[in-house]
Amino acid sequence: MSANPFRSDWLARDADDRLKPKGTLSYVAGTTDEPLRFITIPQLLDKTVGRHGSRDAAIFDAEGLRLSWYDLKRKSDDLAVGLLALGLRRGNRVGIWAPNRHEWLVTQFATARLGLILVNINPAYRKTELEYALNKVGCRALVLARRYKSSDYLGMLGEIAPEIHFKGSSEVLDSALLPDLKHVVLLGDEPVPPRCLSYRQVLALGGQAQRARLDALSAALDPDDAINIQFTSGTTGSPKGATLSHFNIVNNARFCAKAMALGPEDRLCIPVPLYHCFGMVLGVLCAAASGAAMVFPGEGFDAGETLGALGRHRCTALHGVPTMFAAMLDDPAFAQHDLSTLRTGIMAGAPCPIETMRKVVARMHMHQVTIGYGMTETSPVSFQSGTGDPLERRVSTVGRVQPHLEVKIIDAEGRIVPVGVQGELCTRGYSVMRGYWKDEARTAESIDAAGWMHSGDLATIDAEGFANIVGRLKDMLIRGGENVYPREVEEYLMRHPGVQDVQVFGVPDPKYGEEVCAWVVPRRGHTLAELEVRDFCKGQIAHYKVPRYVRIVEEFPLTATGKAQKFEMRKAMIALLGLQEQRTA
């Protein structure tokens, strides 16, 4: 096997004192040995095609489709020509509402080629959320699948914009409720409504005149241009459109690929959704930055499909959120799959239970798996463990600060706390978003005057520079004056042999203000009782941390990216127990 050009000395972090806090305060800065690259996504793709054009770029198992980097470049140029023929121009917003399929990947690179801003629409969105997202950013075009699982995408769009069914001499949409949306592009081969175009029709629209303009249009792009809008989860208030530039996400992908020592010989399995930063940046752009092949097991995550793809394609890397890894480990056919080629990957998106991480290393052969931490607003990763970090560090922390970034931990007054003391994590540097689209007020709430992005996450940084995420500021509950951090209780309960997963949160209580509640998913083949869970805690953790309420469930309410929705669990428990929110002065 040839030498991996993506291995770098900065991965030998034990020998690099530069990543440790300077002094006694929780402030760290990343290395700057490897320079930032002021390039666009089309330039990144061109470089990869020039180096690895004939190698596999993407394999879509569900579609039986295999694309080389040459193929991906050609298909994205074909679509770019069609979009140009529609009249779309640099800076226009193009939404995509679809699961993981090859058209998503092609659209990502085609829009970037023209400087169109790709707007990622959550596959789990319903009608109201779709209408809000399209209007918030003024989408001029929408690429969508007809349906996914139980979601009828075309039906929901038709309820908002019945004009798509109006016959006329033009396919251009003129909608009362979606005034900016002019072009609807449908994936698949079924007949399309009068005011829509099929994906194939768009591919056939352009001619040599448009194709001749592609290189000049791409050359005129600025790496600081906004190129992607990703909506935050919107658990409180309406979703916010985090706006990211070429410079943001290209460089974050480069450094994340280096942290995994990812190279052209690697095959990266991507079961996480493309609409999320995890899929399109840590998956697609990491592969583009390193020449690694992408393997997509299906349109959405399925434990069995993913395990099958890992063995069939001899994958060396795997991305996922903790719930995905837990589901694969618990799959009845797990032992039938050959995972011996696995080496690395990223586990991120939610706090990872230490016990889950240990099993991933031991049973899935991912001895160089990395933990990533960040947020959509920071493109997304700001901390990541390295493949050479000691195992104990990789299973118990989120690693050390990424290159060219600064991180500090602050108290409620904004002062940097001492090493080892918890506070809010703030990030500054190239990865911080341009802002929330047309929302200056909420941008100013998150990014202060000095350029620090306030995460809302509670964290600590130790003397070696390793960070640990304690929980969310909003997740912390106060029981009778005592602060309770759910992550701490969750980590303890994961030690129970019958527990597959657990989520801890607070519910209102008239005496103590809040009480501790735990939802527990039992391991396959185990029977758990609520009293057993509470008894497991007694005498082992402080009495005020022991859950008063325990509910045994088969699964948690999850977002499309696999994050547990604690606010939904809390709402359900309040209704189940007949509780009332406590008023505060």
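The values are calculated or read from the model by the stated rules, or taken from the named source; none is laboratory data. Bear in mind the structure is a predicted one, so any value in this text is a computation, not a measurement. Cβ: placed from backbone, ideal geometry, glycine included. Neighbour counts: every protein chain shown. All accessible areas refer to the heavy atoms of the entire protein, side chains included, with ligands and DNA or RNA removed. Shrake-Rupley method; radii C 1.70, N 1.55, O 1.52, S 1.80 Å.
Taking the criterion of being under 25 Å from G399 (Cβ atoms), out of contact with any Pro (no Cβ under 6 Å at 6 or more places or on another chain) and open to solvent by less than 50 Å² (accessible area, probe 1.4 Å), the residues of segment 492-504 that qualify are Y492, L493, D501, V502, Q503.
Taken together, the residues in segment 443-484 that are open to solvent by less than 20 Å² (accessible area, probe 1.4 Å), polar (S, T, N, Q) and not in a strand (DSSP E or B) amount to 1.
Of the residues making up segment 552-564, just one is open to solvent by 40 Å² or more (accessible area, probe 1.4 Å) and under 20 Å from Y485 (Cβ atoms), namely K563. Scanning segment 157-198 for residues that are part of a loop (DSSP other than H, G, I, E, B), under 26 Å from E63 (Cβ atoms) and among the small types (G, A, S) returns a single hit, G188.
Looking across R487, R442, one residue alone is more than 19 Å from I354 (Cβ to Cβ), at pLDDT below 95 and out of contact with any helix residue (DSSP H, G or I) (no Cβ under 6 Å at 6 or more places or on another chain). It is R442. Give the residue that is farthest from H313 (Cα to Cα), with candidates limited to residues of segment 326-352 that are open to solvent by less than 20 Å² (accessible area, probe 1.4 Å) and part of a loop (DSSP other than H, G, I, E, B). Among residues in segment 326-352 that are open to solvent by less than 20 Å² (accessible area, probe 1.4 Å) and part of a loop (DSSP other than H, G, I, E, B), the one farthest from H313 (Cα to Cα) is C352. Each residue in segment 414-431 was checked for being of a type in the set (A, V, I, L, M, F, W, C), in contact with an Asp or Glu (Cβ under 7 Å, 6 or more places away or on another chain) and surrounded by fewer than 22 Cβ atoms within 10 Å (Cβ to Cβ), and 2 pass.
Only one of the numbered conditions (1) open to solvent by less than 40 Å² (accessible area, probe 1.4 Å); (2) outside any helix (DSSP H, G or I) is not met by R90, and that is (1). If you go through segment 44-84, how many residues are free of Cβ contacts under 8 Å to residues at least 24 places away in the same chain, open to solvent by 10 Å² or more (accessible area, probe 1.4 Å) and farther than 24 Å from A204 by Cβ? Of the residues in that region, 3 qualify. Answer yes if at least one residue in segment 142-151 is open to solvent by 60 Å² or more (accessible area, probe 1.4 Å) and under 20 Å from V94 (Cβ atoms), and no otherwise. No, there is no match, as no residue in segment 142-151 is open to solvent by 60 Å² or more (accessible area, probe 1.4 Å) and under 20 Å from V94 (Cβ atoms).
Only residues that are under 20 Å from P557 (Cα atoms), assigned to a helix (DSSP H, G or I) and acidic (D, E) were counted across segment 485-509, and they come to 2.
Among (1) over 28 Å from the mean Cα position of the chain (by Cα); (2) closer than 24 Å to L36 by Cβ; (3) open to solvent by less than 40 Å² (accessible area, probe 1.4 Å), there is one condition A220 misses while meeting the rest; what is its number? A220 satisfies all of (1) over 28 Å from the mean Cα position of the chain (by Cα); (2) closer than 24 Å to L36 by Cβ; (3) open to solvent by less than 40 Å² (accessible area, probe 1.4 Å) except (3). Output yes when any residue across segment 43-52 is out of contact with any strand residue (DSSP E or B) (no Cβ under 7 Å at 6 or more places or on another chain) and at pLDDT below 95, and no when none is. Checking segment 43-52: not a single residue is out of contact with any strand residue (DSSP E or B) (no Cβ under 7 Å at 6 or more places or on another chain) and at pLDDT below 95. Please work out if D411 is farther than 24 Å from C277 by Cβ and either at pLDDT below 95 or open to solvent by 10 Å² or more (accessible area, probe 1.4 Å) (or both). So D411 fits the description; yes. Among the residues examined, P35 does not qualify as open to solvent by 60 Å² or more (accessible area, probe 1.4 Å) and at pLDDT below 50. Of all residues in segment 524-546, those that are surrounded by fewer than 18 Cβ atoms within 10 Å (Cβ to Cβ) have Cβ atoms under 7 Å from Cβ atoms of residues that are assigned to a loop (DSSP other than H, G, I, E, B) and not small (G, A, S), 6 or more apart or on another chain, in R524/D330; R534/V546; R534/P547; K538/V546. Residue pairs whose Cβ atoms lie under 6 Å apart, sitting 6 or more positions apart in sequence or on different chains, and linking a residue in segment 135-161 that is closer than 18 Å to L177 by Cα and without any contact (Cβ under 8 Å) to a residue 24 or more places away in the chain to a partner that is buried (at least 21 other Cβ atoms within 10 Å of the Cβ) and not basic (K, R), are A161/L178. When segment 28-75 is filtered for residues that are touching a Pro at 6+ places or on another chain (Cβ under 9 Å) and of a type in the set (G, A, S), the ones remaining, listed by number, are G30, A62.
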